[in-house]
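The values are calculated or read from the model by the stated rules, or taken from the named source; none is laboratory data. From a predicted model like this one, the values you see are computed outputs, not experimental measurements. Here the Cβ is made from the backbone with ideal geometry for all residues, glycine too, and neighbour counts use every protein chain on show. Each accessible area value is taken on the protein alone, full model and side chains, heavy atoms only, with ligands, DNA and RNA left out. Shrake-Rupley method; radii C 1.70, N 1.55, O 1.52, S 1.80 Å.
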Amino acid sequence: MPVHPMDEIPIRKFRFKFDAVEGHDPVWSRSCPDFSIFINALGVHVPHFERFLVKSMRAYRDELQDEKLSLDVKAIIGQESHHAFNFEKWTAEMCKRYKGLAAINDHAKTYFLNAFENGSRKFRIGFTAGYETFTFLGGIIVLQRYAELMEEADPTIRALWVWHQVEEIEHGSVAFDFYRAFYPKDEWYRRMMVVFAYIHIIWETFKAYAHMIKTEGFYRKPMRALKAWRFFISFGLDFGISALPTLSRHYHPRNHPSCTTNQTLIAVAWKEFHAAGNDVQLLRDADVDQMLGALQSA
Ligand SMILES: [Fe+2]
Ligand SMILES: [Fe+2]
């Protein structure tokens, strides 16, 4: 069995070249175009949350007693800072096509700036834990459905999302443990923050998705628009249903089967491929074949 993904949280500094995206087309997955729009839409507000997480953890990490957790917090801050940098660049690239996206992005940025500024210590730590519940589960869902969602896709944006999802799984218990370190007995507040974060993620994604499919001309073909909205609802529901076990007081991200007995092939292969010195900022079909082939022959 591969090592537990949370045992090591390396900080990988990547700078993706978004001007190299094929045809400058934001609809980057041919396997599932609706997924590429969904994840593009979701990714618009994500860097603003990631900066919120970084500020919240920096504000309180000196109060931690657990040395191992302090090291993990340092690692998550590093990983999320690189995520935010790259997502902001991708949003800027998408704004060239989606003219209303800049306003949606600005609104999300202001929301998180205000949430940090006006939020209590408990809200900052709790909201961070609530949100990270979904970045962790999203990492698992997307990588488990890799073939269906992005087997045929642009190599740059595919590489961006595989990297991000792998790292969200690696640091998937840090915000949870951070919350528990400060509020070990208050499970109800954590649960409330899980629900609040879910509603917020869906709402932010909905706004950007609606704008994107309109710009792509889907409303000129009602069946196409219907298909796109069906995807949105079913993916959003899968996301929500996957979070039900997180409401249990016995839940811990570390025990999720996708971290123990049922790790996704693509995540394990990607980490080994990167550790072997290969460039993973561009995942062409041949790279993915090589990556999976190396794992199977090991
Ligand atoms: Fe992230
Ligand atoms: Fe994260």
Report task. Give the residue that is most open to solvent (accessible area, probe 1.4 Å), with candidates limited to residues of region 57-100 that are under 23 Å from His211 (Cβ atoms) and within 16 Å of ligand 1 (Cβ to nearest atom). Result -> Lys89
Report task. Please work out if Arg15 is within 26 Å of Cys95 (Cα to Cα), outside the structural domain of His274 (by TED's automatic domain parsing), open to solvent by 20 Å² or more (accessible area, probe 1.4 Å) and assigned to a helix (DSSP H, G or I). Result -> no
Query raised in the report: Of (1) in contact (Cβ under 8 Å) with a residue 24 or more places away in the chain; (2) surrounded by fewer than 19 Cβ atoms within 10 Å (Cβ to Cβ), Gly23 satisfies all except one. Which?
Result: (1)
Requested in this report: Being crowded, with 20+ Cβ neighbours inside 10 Å, within 14 Å of the chain's Cα centre (by Cα) and either farther than 16 Å from Gln79 by Cα or not assigned by TED's automatic domain parsing to the domain that holds Asp72 (or both) narrows it down to one of Val142, Val162, so name that one.
Outcome: Val142
Requested in this report: Check region 182-199 and report whether any residue there is assigned by TED's automatic domain parsing to the domain that holds Ala129, under 14 Å from Ile39 (Cα atoms) and touching a helix residue (DSSP H, G or I) at 6+ places or on another chain (Cβ under 8 Å).
Outcome: no
